[in-house]
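Participant: Take this structure, written in structure tokens, and hold onto it; I'll ask about it next.
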Amino acid sequence: MAVATRMKTGKGTRVKYEKQDSDDDAQMDDVQITTPKVEVDTEEPPRKKLRTELRSPSPSTPAADAKSAEDPESDDDYRISQSKKQKPRKSSSSTSKAKGKGKAKAQLDTLFDKLPTDVVYMIFSHLHPLDLLRLARTNRMLRSHLMSKASAAAHLSIIYLKLPFSIVVSEPQWAQLLFSRDCSTCTRTNIPNVDWFHRLRLCSRCDRAGVILIIGLRARKAFPHVPDVNMLLDLLPHSNTGSSWTGKYYRIKDIQDVGAEWAIISKKGSDAEIQEFKERRKSETEEIMTHGTFCKAWHRDSSILKRTQNREAKQVRRNEIFARLEALGYNPQDVRDWTVAQSRFLHTSTPLTERRWAAIRPSLEALTIRAQERRLQRDRDLVIRQREAIAESVIKPCLATSAVSPAFHPRLRNLLDSVSFQAIISQPNEVAVSADSFQSALDTIPDQLAKTAKAIQSHLLQRMVNGGAMNVDPSIIESDFSKIGLATSTFFCKTDSHGLPVCSKDDLNSHRCPRFPASPDKCQCLSYGHEASNVVAALLAAANLDPNTTADEMDEMDLRFHCPGWQLAMNWRDAASNAMRSKLLQSSTWEVFSPEDTAAIKRKEMTNNGDVRCRFKCNICVYPGWIRRGELERHLRGWHSTVDLPDPTTEFQLHPRIPPEPVIFNPSENSSTQMTIAPSGDSS
């Protein structure tokens, strides 16, 4: 067989032809409905190593099987010639082995001696064609019977395919192509795709072996010695099942054969013979193409049917496994868990036998037990969450009526994890738990609130003592607990982005620090700022206020201060925050603005578009969370179609404890103050 090899040179592509031995031509020739006059290739194909389920003492290839079908007497001649070359056996071990093989052969001989040949062939006719091929490869005697032309009755099972047979292809050859998944040219197996127009099953390594892709005028370059090659291509069968959607695939041997025949006919110059040649070739090509199209459709339908049957067999196996596991006492929900249903034991169509069940049962039971444990844990977690929800519904009213400030309440999780509540929540699932079941645990809440409040306030006072506060007794007595709410008790969070002080009980209650490591107690992320406390004391002195003024009172007055040398009008919280970042502001000489100047400063602050603090909310749709002013204005224009923003107090909700960005003021002769808006980031 000629194989075309393309080699790229500097000027173009050169096609090189080489002779290669292959069994694709000897194994099966072109399928044709009529009886064309073709020459059968008698060249001996290369033998290939078989991969079958039965071990054969004399392995043979599918092509050799096809050849033995043409010459059934060749096996007898081969046995006679081999018997003459055999040497006498000398060892006892080899003699014993020969006796065993002879016994098996004798049993096969008696099969045909005791049973009529018609009965034997009737038994073989119930086998699948692929099983017949495997049976023929077990020994030479069976091959001589099953691969001969007289054994066509044994291959009657192919008739149900309703495929038109070509007289050139024998039943064993056709069964080999239809049902065997071996490559037509090598020993590789499990090849799913078939070229039905050329009757070849090629692996990826042998893909298009002996087949060439012809596109346009490339045929003349590939076959310069074949006259009128483009015209002859229309008289040959082709396929388009390759990688090209537009190209046509032809066998090189077909092109060479028809070229040789065309050269002989064209030399004679007889128009009648030329016309008869073209009509005959065209008719044969149409029959082959029709037959190939039918085979391709049958292969597609049989593949779909096979997948359907395989899926149904898998489902039958799954249902049988589920039924057996349920019979062992397992819960159907655990049996159908995804870990069991998606295991490899259920993704096969092999029928479930007692032997296979005994092999896979331990693994399936282990998977089912783990699924049962996960299901019980999920049920337990659901019961725990339901009981915790009931406990929260009875704890919240108790906390709302407590005299202890919410800033010093324990976390709800701490109350649920207490011994009194866990004794009720952790009861078995069978025990019914209601709101009345937590009455004994609710009686312990006042003691827990008092204990937690004392611990939190003692912790804050200890931070003040460690920070250098002079108005707190180092021994930490309960009479100093009220000093935590003073304006001079300035605490700062270690991860607060604004850097504003946490000074009041409302601040302590609403403060959240998710980035600080979790702790069972509140306020673990707060530290005392001694410099900020001194600045707040100076602010109180400048405003002639009592040193014991609370932070809530300072927020209510909302005064504006400035430090000499700094042209910033600041809220008292901004002054404390800036004092922690700049030593220049740690001064005792602070001045307070007059009410008129304070009102003018506040009007400028309201129009400050550079306010980047998260201190605004939407009053129209109650947008969740505090955002910056620019984001809120875009929200009003985009979601509420507000073009002209009126008084910000009608659409904006201001945070009560986060002051606006400070503004810069310039004193003048005509007015007490003249303000300019501070650029974003100049407040520090």
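Participant: Quickly work out the ASN230-to-LEU412 label distance, labels modelled 7 Å from Cα along the C-beta direction, and quote it in nm with one decimal.
Facilitator: The modelled label-to-label distance comes out at 8.5 nm.
Participant: Hey, what's the stretch 299-402 come to in accessible area per residue, 1.4 Å probe, Å²?
Facilitator: That works out to 64 Å² per residue.
Participant: Here's something else I'd like to know. By how many nm would the segment from ALA450 to SER270 grow when fully extended, if each residue of separation counts as 0.36 nm and the alpha-carbon distance is taken off?
Facilitator: Details: separation 180, 0.36 × 180 = 64.80 nm, distance 12.16 nm.
Roughly 52.6 nm would be gained on extension.
Participant: Over the heavy atoms of LYS296, what accessible area does a 1.4 Å probe trace out, to the nearest 10 Å²?
Facilitator: Estimated to the nearest 10 Å², LYS296 gives 90 Å².
Participant: Now for a separate question. FRET efficiency for GLU478 and SER582, Cβ-Cβ distance as r, R0 = 35 Å, nearest 0.05?
Facilitator: 0.45
Participant: Here is a follow-up. Based on the Cβ-Cβ distance from SER363 to THR189, what FRET efficiency comes out when R0 is 35 Å, to the nearest 0.05? If you can, show how the numbers build up before the last one.
Facilitator: Details: r = 30 Å, r/R0 = 0.85.
Step by step, r from the Cβ atoms, then E = 0.75.
Participant: Hey, any idea what % of the stretch 167-278's accessible area is carbon plus sulfur with a 1.4 Å probe? Mind showing how you got there, number by number?
Facilitator: Working: 2700 of 5320 Å².
Taking all protein chains in place, the stretch 167-278 shows 51 percent carbon and sulfur surface.
Participant: Ok, one more. Given points 7 Å out from each Cα along the Cα-Cβ axis, report the ASN544 to SER393 separation in nanometres with one decimal.
Facilitator: Here the modelled spin labels are 5.8 nm apart.
Participant: Quick one: compute a quarter of the convex hull surface over the Cα atoms of the stretch 206-290 and quote it in nm².
Facilitator: 5.8
Participant: Okay, moving on. Across all directions of projection, what mean area in square nanometres is found for the Cα convex hull of the stretch 225-382?
Facilitator: 16.2
Participant: A further question follows. For the residue pair THR246 and SER440, what label-to-label distance in nm results when each label sits 7 Å from Cα along the Cα-to-beta-carbon direction?
Facilitator: 8.8
Participant: Here's a follow-up. Would you mind getting me the FRET efficiency between MET470 and GLN567? Use the beta-carbon distance for r and R0 = 41 Å, nearest 0.05.
Facilitator: Using R0 = 41 Å, I get an efficiency of 0.80.
Participant: So how many Å³ per residue does the convex hull of the Cα atoms of the stretch 555-641 work out to?
Facilitator: That works out to 126 Å³ per residue.
Participant: Work out how much length MET289 to GLN377 would gain on full extension: take 0.36 nm times their residue separation and subtract the Cα-Cα distance, in nm to one decimal. Walk me through the numbers on the way to the answer.
Facilitator: Details: separation 88, 0.36 × 88 = 31.68 nm, distance 6.44 nm.
Gain in length upon complete extension: 25.2 nm.
Participant: Of ASP131, ASP207, ASP597, ASP555, which has the most accessible area with a 1.4 Å probe, and how do the rest follow in descending order?
Facilitator: Details: ASP131 65, ASP207 90, ASP597 15, ASP555 40 Å².
My answer, sorted largest first, is ASP207, ASP131, ASP555, ASP597.
Participant: Please work out, to two decimal places, the log10 of the ratio I(q)/I(0) at q = 0.16, 0.20, 0.21 Å⁻¹ from a Debye calculation in which every Cα of the stretch 302-409 carries one identical scatterer.
Facilitator: The Cα Debye sum returns log10 ratios of -0.79, -1.01, -1.07.
The values are calculated or read from the model by the stated rules, or taken from the named source; none is laboratory data. Owing to the predicted nature of the structure, the values given are computational and were not obtained by experimental measurement. Cβ: placed from backbone, ideal geometry, glycine included. Neighbour counts: every protein chain shown. Note: areas computed on protein heavy atoms with side chains; ligands, DNA, RNA excluded. Shrake-Rupley method; radii C 1.70, N 1.55, O 1.52, S 1.80 Å.
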